[in-house]
Every structure is written in structure tokens, then in C-alpha cells.
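Working notes, structure below.
The values are calculated or read from the model by the stated rules, or taken from the named source; none is laboratory data. Small disclaimer: the values here were computed from a predicted structure and weren't measured. Quick note on the areas: whole protein, heavy atoms, side chains included, nothing else; ligands and nucleic acids left out. Shrake-Rupley method; radii C 1.70, N 1.55, O 1.52, S 1.80 Å.
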Amino acid sequence: ILRRLLRKQDLLPSTALIIEWRPLYDLITKHFFCKLRRTSEVHRGLGDAIVKLIKDARRFFPATATAEILDEMSPMLCPHDEVCFRAAAFLSLLLPTNGASPAASSPHFLGWFERLLTVWGWVRNTPDWDFAFVQLYARVARDNLGTRDLDWAPHLPWLFNKMLAMFHIPVGTAKSQA
């Protein structure tokens with residue numbers, strides 16, 4: 001019932017409610033990263049429900065959530081440690097991308113857009129890593145259609161090259177057989 005209500009953007013604007021991100025983060029961390037591994041369908045379904053709830057709730061995160069999430073995840077963004085993949089997944093799931101909050105004068109994503117593009121480039125040829133960042137930047141693009149808050153033009157060559165690499169499309173000329 002809560003998810004249905006949160007999805008009604010026309011009935012419930014993002015200014016009507018504030019949902020703290022930390023309890024949702026704690027809940028998903030407890031569920032997916034507990035010491036006792038649960039593999040039953042009931043627990044798998046619960047994990048999916050938590051992820052869907054977070055996706056619906058993030059537009060209601062307070063204006064301070066972006067900075068708090070980045071502060072929490074930044075220490076884990078070390079490419080030499082596997083925990084960086086968890087941090088990338090959490091950034092993709094939790095970071096708000098729905099433009100400016102009522103309390104902010106600029107969109108949430110302007111503070112991390114360039115920085116996380118650099119972080120994305122740290123790890124190559126790893127589908128899980130790339131998928132997390134593709135999801136995040138796809139949300140930035142979708143949630144901010146028609147705005148002029150962000151100039152994508154300087155980043156397009158890098159993004160297109162990244163996409164080509166993800167699809168394993170050969171680039172260049174092939175030698176013809178004579």
C-alpha cells in the first residue's frame with residue numbers, strides 16, 4: 001500500500017513528505033549483508049520489495065540526503081577493495097536524481113555528477129560496476145528531461161565509448177582478405 005501511495009506523483013508531490021534514507025539503507029544492509037545468509041524465496045522476495053520501496057521513496061529524501069549518502073559511501077569507493085561494488089550499487093539505488101529540492105537552489109546531482117563519472121572510469125570491463133553507474137546516469141537523464149541544469153555534451157564521447165565497451169562491439173577497421 002505504501003508503494004502505491006508513493007508512486008502517485010500527481011497526488012503526492014515530493015514536497016508533501018520527507019522520508020529519511022538512513023532507515024531504508026540500514027534495512028537493506030541488514031537484509032542483504034547479514035552474517036546469516038538466507039536463500040529462501042520469502043527472503044528473496046522481501047529484498048526485492050525493499051529495493052522497490054527505496055526506488056519509490058528516494059524522491060522524498062530530504063535535501064541533506066545527497067551529501068549524507070555521499071559521505072557514507074565515499075570511504076568505500078576504493079577500486080582495490082570489493083566493497084566498492086557495494087558502494088556503487090548503493091549510490092545507484094539511493095542517490096536522488098529528481099532535480100532540485102524545495103530547500104536547494106540547484107539540482108541534487110550537480111554536486112556529484114562529474115566526480116562519479118571519474119569514479120566510474122576507475123574499474124574497467126566489469127558489468128556489475130558499469131550497470132550501477134548506467135542506472136544512476138540514466139535516472140539523471142530521465143528525471144531531468146527538458147531542463148538546462150546539466151550540459152551533457154562534454155561527457156557524450158566518454159559515455160558512448162563506455163557503452164561500446166559494455167556491448168563488446170568491435171571498433172576500427174578490419175583487414176580485408178585479398
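Nonpolar atom fraction for the chain, defined as the carbon and sulfur part of the 1.4 Å probe accessible area, stands at 58 percent. Each helix, a run of at least 4 DSSP H residues, gives -39500 (n - 2.57); summed and divided by the residues of the chain, these come to -16000 deg cm²/dmol at 222 nm.
Just checking my list [x] 1.32; [y] 1.17; [z] 0.93 against Cα Rg over 2.2 N^0.38 Å computed from this structure; which label fits? Read-out from the structure maps to [y]. Seen from a random direction on average, the alpha-carbon convex hull of region 106-156 projects onto 3.7 square nanometres.
Taking a straight Cα-Cα cut-off under 14 Å and skipping sequence neighbours fewer than 8 places away in the same chain, the aspartates and glutamates within cross-link reach of Lys55 are Glu20, Asp143. Mean-square fluctuations from a GNM of the chain, with a 10 angstrom spring cutoff on Cα atoms, peak among Arg115, Arg58, Arg86 at Arg115. The candidates Cys78, Cys84, arranged from most to least accessible area with a 1.4 Å probe in the full protein assembly, appear as Cys78, Cys84.
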